[in-house]
1. Where does the chain land on Rg(C-alpha)/(2.2 N^0.38 Å)?
2. Project the alpha carbons of the stretch 57-137 onto their principal axes and report the range along each, largest first, in whole Å.
3. Across the stretch 98-199, how many lysine pairs, 8 or more positions apart or on different chains, have C-alpha atoms separated by under 13 Å? Please give the number.
4. Taking 0.36 nm per intervening residue step and subtracting the Cα-Cα distance, what contour gain separates Asn50 from Glu219 on full extension?
5. What are the ³J(HN,Hα) couplings of the stretch 16-33, residue after residue, when phi is run through the Karplus curve with 6.51, -1.76, 1.60 and θ = phi - 60°? Round to Hz, x for glycine and proline.
6. Over the chain, what is the mean sequence separation of C-alpha contacts under 8 Å (at least six apart), divided by residue count, expressed as relative contact order in percent?
7. For the stretch 3-240, build the charge dipole from Cβ charges (+1 Lys, Arg; -1 Asp, Glu) around the Cα centre, then report which of Gln196, Leu14, Ile150 sits farthest towards its positive end.
8. Find out how many positive minus negative residues lie around Leu140, taking Lys and Arg as positive, Asp and Glu as negative, among other residues whose Cβ is under 14 Å from that of Leu140.
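None of the figures in this text is laboratory data; all of them are computed from the coordinates on show. Treat the numbers as computed from the prediction; the structure is a model and nothing was measured. Because the Cβ atoms are built from the backbone with ideal geometry, glycine has one as well, and the counts that use them run over all protein chains shown.
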Amino acid sequence: MFPYTHLCFARDTLGNISNEVVLGAIFPDTVIAGFLNHSDTHQNSEALHNYFKRVGVFRDFSRGVITHATDLKGLDYYCDEKYENYEKGFAFEIAKPLVEKVVNLCGIPEEMGWWKAHNFVEMGSELWVHKNRPEYHGLLEKALSDVDLIMALSQVLAPFYDVSTAKIAMSFPIYGEYVLMKEVTPLELARKYHKQTLKKHGINLNLHAVASVVEEAEEIVAQSLPEFLQSCDRNVKNVFKNLDESE
């Protein structure tokens with residue numbers, strides 16, 4: 001999912017929100033900076049949680065990471081990998097009607113269509129959540145502006161990943177270049193998605209056409225997204241209950 005969805009989900013699941021929680025909730029996707037791999041941040045949340053527990057700092061950050069990651073079945077697990085009896089995750093299932101349109105729009109091989117279509121469902125979800133949860137507008141920008149916290153986190157994260165503190169710290173502002181921190185609109189989502197696809201695949205997109213499909217995706221997800229998020233909330237709260245009981 002996109003950042004606003006993740007930070008709102010983290011707040012609902014953890015019951016609190018802070019710069020530390022927000023940075024944890026979006027940290028797995030800072031891999032776009034290129035210093036870590038997807039598996040490093042999405043499949044290591046339990047190990048990272050135990051590491052922070054041993055170090056004795058940034059408990060809220062590690063809990064924010066867990067709400068996002070896949071190894072302990074955070075939001076991305078149910079969004080991307082497996083949800084209920086679907087073939088894959090929620091976003092993939094809901095994206096099926098958009099696949100052909102996205103293949104034509106992006107000029108990509110058909111085998112990439114389902115993956116790219118699920119990104120449009122994520123953008124549609126981001127748009128819906130931003131509209132319906134206005135009380136958290138501005139929190140991502142605020143957290144990414146907290147340079148002292150980012151540096152302190154990076155100093156602790158660096159030895160865990162065996163990557164320099166500078167690279168970890170740089171990953172946050174680089175990530176910020178690829179996401180929306182102010183107004184979330186179909187056209188602005190299209191601009192940021194174009195920046196991502198240009199970097200990853202060298203593909204130029206028609207921004208207005210992308211925005212139109214994002215609007216269509218929002219209409220598709222509006223009926224099922226609230227129930228999906230509530231289901232994930234229950235599941236992830238159980239993850240924390242089990243972690244807390246084992247400590």
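1. Ratio of Rg to 2.2 N^0.38 Å for the chain: 0.97.
2. Computed over the stretch 57-137, the largest-to-smallest principal extents equal 47, 29, 23 Å.
3. Counting lysine pairs in the stretch 98-199 gives 4.
4. 56.8 nm
5. Rounded to whole hertz, the list is 8, 9, 7, 4, 5, 5, 4, 5, x, 5, 9, 3, x, 8, 5, 4, 4, 5.
6. Computed value for the chain: 24 percent relative contact order.
7. Of the options given, the answer is Ile150.
8. -4
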